[in-house]
Each structure stands twice: as C-alpha cells, then as structure tokens.
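Peer 1: After the structure tokens below, expect a handful of questions from me.
The values are calculated or read from the model by the stated rules, or taken from the named source; none is laboratory data. The structure presented is a predicted model; accordingly, all values stated were derived computationally and were not measured. Because the Cβ atoms are built from the backbone with ideal geometry, glycine has one as well, and the counts that use them run over all protein chains shown. With ligands, DNA and RNA removed, areas are computed over all heavy atoms of the protein, side chains included. Shrake-Rupley method; radii C 1.70, N 1.55, O 1.52, S 1.80 Å.
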Amino acid sequence: MRERTAVYPGSFDPLTNGHLDIIGRASGLCDRLVLAVLVNEEKKALFSVEERIAMIRENVRAPQGTALEVRQFSGLLVEFAEKVGARIIVRGLRAVSDFEYEFQMALMNRRLSPQVETVFLMAKEEYSYVSSRLVKEVARLGGDVRGLTPDSVAQALRERFRRP
Ligand code: PNS
C-alpha cells in the first residue's frame, strides 16, 4: 500500500501547544508527517529557523507507526509538498477569523497543484485563542505564557525578552 505523507507547514515562531495538538491529530491520519518550517526572509522572525526546528525536535514525539520529519522550506509550499511526496497539507483552524486567510491559501494551492488536498484540523478548545503572534506579544510585555507553549519555549521567550 502507498505511504500516506502529509505536510504541516507554518512559521512556528515559536511552537505553541496549539501546534502540538494539531501535530498529534495529524500524526494519527498519516504514515509520515513532515513539519515544514518556513524560512521567510521578508517576515522578520523572532527565532531563527534553526532555533524553531530545535524547539520542534525537542518537544514533538511521533506516536508509534508515524514517521515524523522536521524540515525547513522556502518558496512555494506546493513545490515543497511535491518534493517530499505529500498530497496532503494540514492546517489548523482556530476561530472563524482564520477562515478567510486559510480559504484563500487552500484555493491558491489547489490552483497551483490540483492533486494536493488541504485538510483542516481543529485544536482543543483551550488552544483556540493561542497563536504564536499573541504568545510573542504577551512574552514581550512580560506576561506569563506558561501552559500556552512547551516549557522550554516559554523559557526561550523569557530569555529573548529579558530586560537589561
Ligand atoms: O504559520 P503561518 O505563518 O500561518 O504559515 C504560513 C505558511 C507557511 C503556511 C504560508 O506562508 C506558506 O505556505 N508560505 C509559502 C509560500 C506559498 O506557497 N505561497 C503561495 C500559496 S498561498
């Protein structure tokens, strides 16, 4: 039988518990899950791509029976998906506000590569408001982000925003 490969792309800047929840759900649906970390020169990331990949490697454990890979990518997502042999793109959906952006991306990706299907998964309700952007903002302003990210990520955020 053909191996079912899915790609879960994102900036992961940084990894949140919402991402971990989606990774867990996606792993149950495929044989091989490729976490694709965006290298985006235009968008200034807080953490380098190497740091983001290290955070994922440290905190993600694939369930038995699923191969998990963490890779960086730049350029078109559908080209990356093709390169790794994936016909499924996984994205997490939180609130309705995510929908418009996700809808546009999914349809654009379908136009670029009709054989690749985007699948949306919903994280646990308790993570429905958690985003990397908000977590960074709270951490930057000295707020507590424990419980929203893995502990080592919360620690990395504290260090990055430590006041002199
Ligand atoms: O975590 P993010 O920032 O919401 O992830 C966005 C991501 C990486 C999925 C998106 O920016 C992306 O796919 N970038 C690659 C460029 C691309 O393929 N663009 C055309 C399709 S819309």
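Peer 1: How far apart, in nm, are two points set 7 Å out from the Cα along the Cα-to-Cβ line at Ser97 and at Lys43?
Peer 2: Result for the modelled spin labels: 1.6 nm.
Peer 1: Would you look at the GNM of the chain, springs on alpha carbons closer than 10 Å, and say which of Asn40, Asn109, Asn59 moves the most?
Peer 2: Looking only at Asn40, Asn109, Asn59, the biggest GNM fluctuation is shown by Asn40.
Peer 1: Sticking with this structure for a sec: Express the accessible area of the chain per residue in Å², computed with a 1.4 Å probe while the remaining protein chains stay in the model.
Peer 2: 60 Å²
Peer 1: Can you send over the carbon and sulfur percentage of the accessible area for the chain, probe radius 1.4 Å, protein chains only?
Peer 2: 51 percent
Peer 1: At 1.4 Å probe size, what's the solvent-accessible area of Glu79? Round to the nearest 10 Å².
Peer 2: 120 Å²
Peer 1: Determine how large the accessible area of Leu38 is when every protein chain is in place; take a 1.4 Å probe and give Å² rounded to the nearest 10.
Peer 2: 40 Å²
Peer 1: Please give, to one decimal in nm, the separation of the simple spin-label points placed at Ser152 and Lys124, each 7 Å out from Cα toward the Cβ.
Peer 2: Rounded to a tenth, the inter-label distance reads 2.0 nm.
Peer 1: Could you order Arg91, Arg160, Arg4 by accessible surface area, starting with the largest, using a probe radius of 1.4 Å?
Peer 2: Correct descending sequence by accessible area is Arg4, Arg160, Arg91.
Peer 1: Roughly what % of Cα-Cα distances in the chain sit above 23 Å, to the whole percent?
Peer 2: 38 percent
Peer 1: Quick check: with the 1.4 Å probe, what order do Ser27, Ser11, Ser97 take by accessible area, largest first?
Peer 2: Result, largest first: Ser97, Ser11, Ser27.
Peer 1: Just want to confirm a number: the relative contact order over the stretch 5-125, from Cα pairs under 8 angstrom separated by 6+ residues, in percent.
Peer 2: Reported as a whole number, the value is 32 percent.
Peer 1: Counting only other residues whose beta carbon sits under 15 Å from that of Ala156, what net charge do I get with K and R as +1, D and E as -1?
Peer 2: Neighbour charge sum, excluding Ala156 itself: +1.
Peer 1: What nm distance separates the two modelled labels at Glu58 and Gln72, each placed 7 Å from Cα along Cα→Cβ?
Peer 2: Result for the modelled spin labels: 1.7 nm.
Peer 1: Turning to a different aspect of this structure: For a Förster distance of 25 Å, can you work out the FRET efficiency between the beta-carbons of Val138 and Leu112, rounded to the nearest 0.05?
Peer 2: Given R0 = 25 Å and the Cβ-Cβ separation, E is 0.10.
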